[in-house]
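What follows is a single structure, written as C-alpha cells, with notes after it.
Rule-based calculations on the coordinates, nothing more; no lab input. This one's a predicted model, so the numbers in the text were calculated from it and none came from an experiment. Using ideal geometry, Cβ is built from the backbone for each residue, glycine included, and neighbour counts are taken over all protein chains shown.
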Amino acid sequence: MAAIERPIVVMKRYEMKYLMTPEQTAYFKESVSAYMQVDKFGLTSIASLYYDTPNYRLIRTSIEKPPFKEKIRLRSYGLATDASPVFLELKRKAYGIVYKRRVQSTIPLVEKFFYGEGDICAGGQINREITTFRDYYQTLVPACLIIYDRVAYFQPDGDLRLTIDHCPRYRYEDLNLTTSMAGTPLLPDGYTILEVKVQQAVPLWLSALLTKGQIYKTSFSKYGEAYRQQLLKVSK
C-alpha cells in the first residue's frame, strides 16, 4: 500500500456536549454571535463511518462509560468519491480529556489498510498508533454511519471552538460515504447538539450564557445513541 504524504493532525482538548431544544438553539446562536464568528465553511454536512469489531466491542465498551475509551472513524465533508480526501481519525478519551489522531487519505487506501495491507500514512508515531489499534482489535469493519449538518464557531485569537450539529442521523445499512447523506433521525425535530472544545478553561462569558439559557452539560455519543436505537428496533 502506498503511503500518502499529507499533514497529520494531533489534538488534545476538553470536549463538553449539550443537547439543545429549538428554542435554546435560537437563543444560543443569537447570543454567541457577540463573542464568536461562524467559520468560513458555514453549514457543512459531515459523515462519519465508524469501524468496530463484528460484535460491536468498541461501542459496547464506550457506553459503559469507562475512564478510558476509544473509537476509530472515517470522515468526509459532503459526499465522498474514491479520489476525494477523507480523514481517518483515532479518538481516545481519558479522564475527560480527548486525544485525536487524524490523517488524510482516500477510501480505497483506507479499505486496504483495514484489510491489513500496510500503513495508513507516511510512517511516524501517528502511523504506529493507528496501525497498533487496528492490529489489536484484529477485525474492524464498517459498523455505523453518523451524519449531521454542522455550523462551527471560532475566536480569531483564542483556542475556544464551538460546533452546533443539526439533524443528526444514522444508518446501519448502505455503510459508505459515497451514496447519500440520508439517515434515521437521532433526536426530535429541531433539537441540536452543542459541543464546546477548549484546551484550557471555559471562558466566564460562555458559562454565563449557558446558565442563562438553562443549557446544561450532558453525556451524549452519536454512535452510542444510534447503537441504542438500533438495539430497540431489533428487539421489537
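Taking 25 °C and 0.890 mPa s as conditions, the range 50-97 diffuses translationally at an estimated 200 µm²/s according to Stokes-Einstein applied to its Kirkwood radius (Cα pairs).
Counting only DSSP H runs of at least 4 residues, each contributing -39500 (n - 2.57), and dividing by the residue count of the chain, the helix-based mean residue ellipticity at 222 nm comes to -8000 deg cm²/dmol.
Kirkwood analysis of the chain, using all unique Cα-Cα pairs, places the hydrodynamic radius at 18.8 Å. Using a Gaussian network model of the chain in which every pair of alpha carbons under 10 angstrom is joined by a spring, one finds that among ASP165, ASP189, ASP52 the greatest mean-square fluctuation is at ASP189. Direction-averaged projected area, Cα convex hull, the range 71-178: 8.5 nm², rounded to one decimal. Amide H contacts for ARG150 (H built 1.01 Å from N in the peptide plane; partners 5 or more residues away or on another chain; cut-off under 5 Å): THR44, SER45, ILE46, HIS166.
The loop-placed chymotrypsin sites (Phe, Trp or Tyr not before Pro) in the range 68-105, going by DSSP, that have at most 16 neighbouring Cβ atoms within 10 Å of their Cβ come out as TYR95.
Between GLN214 and GLN199, the modelled label-to-label distance comes to 3.7 nm, taking each label 7 Å out from Cα in the direction of the beta carbon.
Scaling the Cα radius of gyration of the range 115-179 by the globular reference 2.2 N^0.38 Å produces a ratio of 1.58. Under a model in which nothing but the beta-carbon of Lys, Arg (+1) and Asp, Glu (-1) is charged, the chain shows a dipole of about 620 debye around its Cα centre. Could you list the trypsin sites (Lys or Arg not before Pro) in the range 19-81 that lie in coil according to DSSP, counting only those with at most 15 other Cβ atoms within 10 Å of their Cβ? The qualifying sites are LYS40. May I ask for the longest run of the chain untouched by GluC sites (Glu not before Pro) that are loop-located per DSSP and have at most 14 neighbouring C-beta atoms (other than their own) within 10 Å? The reported range is 174-236.
Pairs of Cα atoms nearer than 8 Å and 6+ residues apart set the relative contact order; for the range 8-235 it is 30 percent. Here the range 64-134 is treated as a sphere whose radius is the Kirkwood value from Cα pairs; by Stokes-Einstein at 10 °C and 1.306 mPa s it diffuses with a coefficient of 122 µm²/s.
Here each label is just a point 7 Å from Cα along the line to Cβ, and for ALA83 and ASN55 those points are 4.3 nm apart. Largest GNM mean-square fluctuation across TYR35, TYR191, TYR148, computed for the chain with C-alpha springs under 10 Å, falls on TYR35.
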